[in-house]
Amino acid sequence: MDYSLCIQNTVEYINQHLFEQLTLDELSKVAGFSKYHFLRIYKNEMGMGIRDFIQMKRMHKAAQLLISSDLTVIDIAVIANFDSQEAFTRAFKREYSLPPAQYRRTMMKII
C-alpha cells in the first residue's frame with residue numbers, strides 16, 4: 001500500500017494547525033490508521049518521528065516570526081506552544097545553534 005498520500009494529508013493538517021495542541025490520537029485519525037501503525041508509517045515515510053517533525057516545523061515558524069515581527073521571544077514561545085521561554089530557548093538553540101534573541105539580531109544584520 002502507498003502511504004505517501006496519507007502522510008502528505010497529515011503533514012498538511014500539521015501545517016494548518018501547527019501552533020495548536022496536536023495529539024497522536026488526532027493525527028492518527030487524520031491519517032486513518034491506529035496510533036501505533038501511524039507512528040511506524042510516519043517515521044518510515046518521513047525519516048523522523050512525528051514529535052521531532054512537529055518540533056522542527058514549529059522552530060522554523062518561530063524563526064520566521066523572530067525575523068518578520070516585533071513579537072518578544074516569550075510571546076513567540078507561547079505562540080509556538082512551549083510551556084516556558086526557557087524550554088523554547090533550549091529547543092531553538094538545539095535547532096539553530098543560537099538562542100532566539102541572538103538569532104534575531106544576527107539575521108537582522110544580514111537582512
Legend entry - Length-normalised contact order for the range 3-95 - Cα pairs under 8 Å, 6+ apart - percent: 25
Inset, instruction - Compute the length gained on full extension between Asp70 and Ser34: take 0.36 nm times their separation in residues and subtract their Cα-Cα distance, giving the result in nm to one decimal. - result: 8.8 nm
Inset, instruction - Would you mind pulling out the separation of the Cα centroids of the range 7-46 and the range 75-100, in Å? - result: 23
Inset, instruction - Assuming R0 = 30 Å, can you tell me the calculated FRET efficiency for the pair Glu12 and Ile111, based on Cβ-Cβ distance, to the nearest 0.05? - result: 0.55
Legend entry - Accessible-area composition of the range 1-64, carbon plus sulfur, in percent [1.4 Å probe]: 50
Inset, instruction - Work out the count of Lys pairs in the chain where the Cα-Cα distance is under 30 Å, with the pair 8 or more places apart or on different chains. - result: 14
Inset, instruction - Mind checking the per residue accessible area of the chain for me, 1.4 Å probe, whole number of Å²? - result: 63
Inset, instruction - Calculate one ³J(HN,Hα) per residue across the range 29-42 by plugging θ = phi - 60° into the Karplus curve 6.51 cos²θ - 1.76 cosθ + 1.60, and present them in order as whole Hz with x for glycine and proline. - result: 5, 4, 6, x, 10, 5, 4, 6, 5, 4, 4, 5, 5, 4
Inset, instruction - For n ≥ 4 DSSP H runs only, could you compute -39500 (n - 2.57) per run for the chain, divide by its residues and tell me the 222 nm figure to the nearest 500? - result: -23000 deg cm²/dmol
Inset, instruction - Give the angle, between 0 and 90 degrees and rounded to the nearest 10, that separates the Cα long axis of helix 50-68 from the longest principal axis of the Cα atoms of the chain. - result: 30
Inset, instruction - Taking the Cα centre of the chain as origin, work out the dipole magnitude from +1 charges on Lys and Arg Cβ and -1 charges on Asp and Glu Cβ, in debye rounded to 20. - result: 400
Legend entry - Principal-axis tilt of helix 100-110 within the chain, Cα atoms, nearest 10 degrees: 70
Legend entry - Cα Rg, Dmax, the chain, angstrom units: 15.6, 49
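The values are calculated or read from the model by the stated rules, or taken from the named source; none is laboratory data. Predicted model, so just to flag it, every value in this text is computed and none were measured. Neighbour counts run over all protein chains shown; Cβ positions are idealised from the backbone, glycine included. Just so you know, the surface numbers come from the protein's heavy atoms only, side chains and all, with ligands and any DNA or RNA stripped out. Shrake-Rupley method; radii C 1.70, N 1.55, O 1.52, S 1.80 Å.
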